[in-house]
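Here's the structure, in structure tokens; my notes come after.
The values are calculated or read from the model by the stated rules, or taken from the named source; none is laboratory data. Note that the structure is predicted; figures quoted are calculated from it, not measured. Here the Cβ is made from the backbone with ideal geometry for all residues, glycine too, and neighbour counts use every protein chain on show.
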Amino acid sequence: MRNYTLLSLGISALILATQHAQAQTTNCAPRDAMVERLAAQYGERRQAMGLGNNNTTVEFFAADADGSWSVIVTAPGGMTCLVAAASAFQLTDDPLVDTSAGT
């Protein structure tokens, strides 16, 4: 259930994140450097990921200790951009909505 919640959160930011990443260049670096920085400076580790537009990879990182979180988007060439970061990360156990019944 935890993975579905995190994936839903990542997908919710997907459209904004991929569009914002294309316009933003100051918060970009090679993916390995970005992931290392998130771990070393903020204690964040990857919590969820998904595929975005144009074959980009969207990843959600968060720190268990203080609740900081970040969303990064990686282009197929390997350049990664930080598109969102904040605090107060929380895991939830909300059930997924059953959309198969129709309304």
**OP:** Pairs only if they're at least six apart or on different chains, beta carbon under 6 angstrom, first in segment 37-56 and free of Cβ contacts under 8 Å to residues at least 24 places away in the same chain, second not in a strand (DSSP E or B); list them, first residue then second.
**Re:** N55/P76
Original post:
Out of segment 58-76, which residues are closer than 11 Å to R46 by Cβ and either polar (S, T, N, Q) or surrounded by fewer than 18 Cβ atoms within 10 Å (Cβ to Cβ) (or both)?
Top reply: S70
Subject >> The lone exception for W69 - which of (1) at pLDDT below 95; (2) closer than 29 Å to D98 by Cα it fails >> reply: (1)
Original post:
Tally time: how many residues in segment 7-56 are assigned to a helix (DSSP H, G or I), modelled with pLDDT of 50 or more, touching a helix residue (DSSP H, G or I) at 6+ places or on another chain (Cβ under 7 Å) and crowded, with 18+ Cβ neighbours inside 10 Å?
Top reply: 0
Subject >> Residues of segment 51-60 classified as within 8 Å of the chain's Cα centre (by Cα) and not acidic (D, E), total >> reply: 2
Original post:
Quick one: what pairs do we get from segment 75-99, first residue free of Cβ contacts under 8 Å to residues at least 24 places away in the same chain, second acidic (D, E), C-beta under 8 Å, 6+ apart or different chains?
Top reply: S87/D66
Original post:
Name the residues in segment 27-77 that are of a type in the set (V, I, T) and in contact with a Cys (Cβ under 9 Å, 6 or more places away or on another chain), would you?
Top reply: I72, V73, T74
Original post:
Is it the case that S87 is surrounded by 18 or more Cβ atoms within 10 Å (Cβ to Cβ) and on the phi < 0 side of the Ramachandran plot?
Top reply: no
